[in-house]
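This report concerns only the one structure given below.
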Ligand SMILES: [Zn+2]
């Protein structure tokens, strides 16, 4: 027997079978299939699915990223590039112009008066300049944002690395080390905060246990909305 069930915005197919425990799989087309024993109560199945929700979102996000074509941004005038959820248009400017009007020292790329400005001579290497610009912003953002959460969670961040983590937004190592995907800062601020909070909590609880999600919910009561946003839009956060 197969029925379709819905939990919040998550739709899944419920298949009853002779198996003894509840299982979740995600089909090639992104359909979530929950297989449960005939006698399992719906509330128990729902509880199980609820606990696995973030895992499901992550898997769906991976599938989406793999299936969908990359956004393919071109580094030309007028093309939009994301930073903290907003899109800013690119302007290719004279090298001289990048240096003027700014107190900061000449950078090949900057966000200036609502535009990304890229020096003409740096065009060929535009992608790298964007990546290093994003890396710098993440460090800046984290410096500001970590103090909002670390004491509440009871953790100390020892070091931060900004890497290309592919489909993952961040990861957590041992001894207070966290790594961020350089793409993460393209997400809206509140989603970026969710990625941060998620990793900070991993410093005390390494896996996605019920306790892990309880702490997440305490620190960020609307975290599910953010996780969902990542699932739906994560594939667009790229160059
Ligand atoms: Zn996690």
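The values are calculated or read from the model by the stated rules, or taken from the named source; none is laboratory data. As the structure is a computational prediction, the values presented were derived from the model and not from experiment. Positions of Cβ are backbone-derived with ideal geometry, glycine not excepted, and every protein chain shown enters the neighbour counts.
Only one of the numbered conditions (1) away from the ligand (no atom under 16 Å from the Cβ); (2) over 27 Å from residue 63 (Cβ atoms) is not met by residue 134, and that is (2). With the structure loaded, tell me whether residue 185 is more than 16 Å from the ligand (Cβ to nearest atom), crowded, with 18+ Cβ neighbours inside 10 Å, modelled with pLDDT of 95 or more and part of a helix (DSSP H, G or I) or whether it fails that test. Criteria met by residue 185. Restricting region 189-238 to residues that are crowded, with 18+ Cβ neighbours inside 10 Å and not in a helix (DSSP H, G or I), the residue that is nearest to the ligand (Cβ to nearest atom) is 208. Kindly check whether there is at least one residue in region 105-113 that is exposed (fewer than 13 other Cβ atoms within 10 Å of the Cβ), in the same structural domain as residue 231 (by TED's automatic domain parsing) and modelled with pLDDT under 90. The answer is yes; a qualifying residue exists. For region 159-173, check the following and say yes or no: at least one residue is surrounded by 15 or more Cβ atoms within 10 Å (Cβ to Cβ), more than 16 Å from the ligand (Cβ to nearest atom) and not in a strand (DSSP E or B). No, region 159-173 has no match at all. Selection of first residues in region 110-135 that are under 23 Å from residue 192 (Cβ atoms) and of second residues that are at pLDDT 95 or above and assigned to a helix (DSSP H, G or I), restricted to Cβ pairs under 6 Å at least 6 apart or on distinct chains, gives the following pairs, ordered by first then second residue: 131/182; 134/182; 134/185; 135/182.
For region 80-96, the criterion of a residue being exposed (fewer than 12 other Cβ atoms within 10 Å of the Cβ), away from the ligand (no atom under 16 Å from the Cβ), closer than 30 Å to residue 139 by Cβ and outside the structural domain of residue 115 (by TED's automatic domain parsing) is satisfied by no position. Kindly indicate whether residue 135 is modelled with pLDDT of 95 or more, in contact with a strand residue (DSSP E or B) (Cβ under 7 Å, 6 or more places away or on another chain) and outside any strand (DSSP E or B). Answer is yes for this residue.
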